[in-house]
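The values are calculated or read from the model by the stated rules, or taken from the named source; none is laboratory data. These figures come from a predicted structure and were not determined experimentally. Quick reminder, even Gly has a Cβ in these numbers, built from the backbone with ideal geometry, and neighbours come from all protein chains shown.
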Amino acid sequence: MRIIADLHIHSKYSRACSKELTLPNIDLWCQYKGINLVATSDFTHPQWLKHIKESLEPLDNGFFKLKDKVMVREPHHDIFFILGTEISCIYKQGDMCRRVHHNIYFPEIKNVEQFNQTLEKAGCNLKSDGRPIIGLSSIELAKIVFEINEKAIIVPAHAWTPWFSIFGSKSGFDSIEECFAEYADKIYAIETGLSSDPPMNWDWSYLDKVVLVSNSDAHSLPNLGREANVFDWEKPLYDEFYNTLKNRDKSKFKYTIEFYPEEGKYHVDGHAKCGISMEPSETKKNKGICPVCKKPLTVGVLNRVDELADRNNDGKDKVPYKSLVPLQEIIAESFNVGKSSKKVQEEYFNMIAKGASEFEILLDEELTKLKQITKPEIVEAIKRVRNGELHIEPGYDGVYGKVQIYKDDEERGAMQKSLI
């Protein structure tokens, strides 16, 4: 059974997140997207945990499902929820202030309740944000998590982001052991984040010991599934999830779905205030200083990975990946309008209603079939994305990169001859 899983999202209680992020809406958009397994998110927040308890019912497999479900189409597919959240740890270790984010997963509500109670007793404020900031170290956090349930999972989130990650250039570590000490052998995976992709991570042999996962970190409903994981499980079970990561089981972990890393907002080095972006070689020539304001550049993911990389690996023995552009972005560029425009929204839902889920459209459907449900310029754009025929201006210092499928002066409407 193919399971497309997005294991890192947020709720309406997280800072800078859409108020539309409720569990019924998340379930609905997972149907649009073709996501089978999604994190509940933010289970440390009291109001959101109440919403989880009221809206979801536990299954006998360690997952949950929505009690009152609205079906998008027939045949429908089940959406399973896993108890998952993101924690921001800010603390001092090794004469540095560390800012590290971690994703945490439990199979039972009672685990979550015990975890929350333990954090509150330690003085953590869980009410202020769906992604709480706590003063505990990664080591202290791991001790709490694994004492509650030995099959809990901790995955360092967006592992390369400069400011808030395990390997980030601003406050990170150079190894999992340095971050987690005696709990390092219980860290089975890292999240590569939007600004890196598997090939970048393959070049550091140290990471052979862990699985590379990819998730959306969605702050709004349309961003669900912009990165995801594709598993092949006999049945959807928490134990399957646990064992797939623990055993690095490539027979069950089929591939990841990737944002183009250049589109991530910390891919290369730069200084947003000055509009300066640089490849690592340029940064080195400038000694890490912005040529405009003479302040230090924000060192991006590409540079930080290069710093630790020790080989060139072709990935033959790795979990594969597929790079995609979200369907709304494809439609927007095909129409040469903004992705939030009414025209894009109408065509997106038209394609979902006439065709299949977004992932089925992007990954599975034949181009000849897509021609029957949408306009030729959109089919041509999907074809180009599948073939990797893109121009991307890389992101830097919090500025998202720009993906370009069509040339600026290219006529979108005359695409019929190029299609199958």
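Residue count for region 20-41, restricted to those that are farther than 16 Å from Phe63 by Cβ and small (Gly, Ala, Ser): 1.
Is at least one residue of region 197-216 under 13 Å from the mean Cα position of the chain (by Cα), hydroxyl-bearing (Ser, Thr, Tyr) and either at pLDDT 95 or above or within 28 Å of Asp60 (Cβ to Cβ) (or both)? There is at least one residue in region 197-216 that is under 13 Å from the mean Cα position of the chain (by Cα), hydroxyl-bearing (Ser, Thr, Tyr) and either at pLDDT 95 or above or within 28 Å of Asp60 (Cβ to Cβ) (or both). The requirement of being touching a helix residue (DSSP H, G or I) at 6+ places or on another chain (Cβ under 9 Å), in the same structural domain as Arg131 (by TED's automatic domain parsing), in contact (Cβ under 8 Å) with a residue 40 or more places away in the chain and not in a strand (DSSP E or B) is not satisfied by Gly315.
Residue-by-condition table, conditions (1) under 19 Å from Cys124 (Cα atoms); (2) in the same structural domain as Asn125 (by TED's automatic domain parsing); (3) under 16 Å from the mean Cα position of the chain (by Cα):
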position: His8; (1), (2), (3): no, yes, yes
position: Ala16; (1), (2), (3): no, yes, no
position: Thr22; (1), (2), (3): no, yes, no
position: Asp27; (1), (2), (3): no, yes, no
position: Tyr32; (1), (2), (3): no, yes, no
position: Leu37; (1), (2), (3): no, yes, yes
position: Ser41; (1), (2), (3): yes, yes, yes
position: Pro46; (1), (2), (3): yes, yes, no
position: Leu49; (1), (2), (3): yes, yes, no
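Close Cβ contacts (under 6 Å, 6 or more residues apart or on different chains) running from residues in region 175-188 that are farther than 13 Å from Leu207 by Cα to residues that are modelled with pLDDT of 95 or more and outside any helix (DSSP H, G or I) comprise Cys179/Ile166; Cys179/Phe173; Phe180/Ile187.
Restricting Ser340, Ser357 to those that are closer than 19 Å to Trp29 by Cβ and without any contact (Cβ under 8 Å) to a residue 40 or more places away in the chain reduces the list to Ser340. Of the residues making up region 242-260, not a single one is surrounded by 21 or more Cβ atoms within 10 Å (Cβ to Cβ), on the phi > 0 side of the Ramachandran plot and modelled with pLDDT of 95 or more.
Contact annotation: no residue pair with Cβ atoms under 7 Å, 6 or more positions apart or on different chains, pairs a residue in region 132-152 that is assigned by TED's automatic domain parsing to the domain that holds Tyr188 and closer than 16 Å to Gln114 by Cα with a partner that is at pLDDT below 95 and of a type in the set (A, V, I, L, M, F, W, C).
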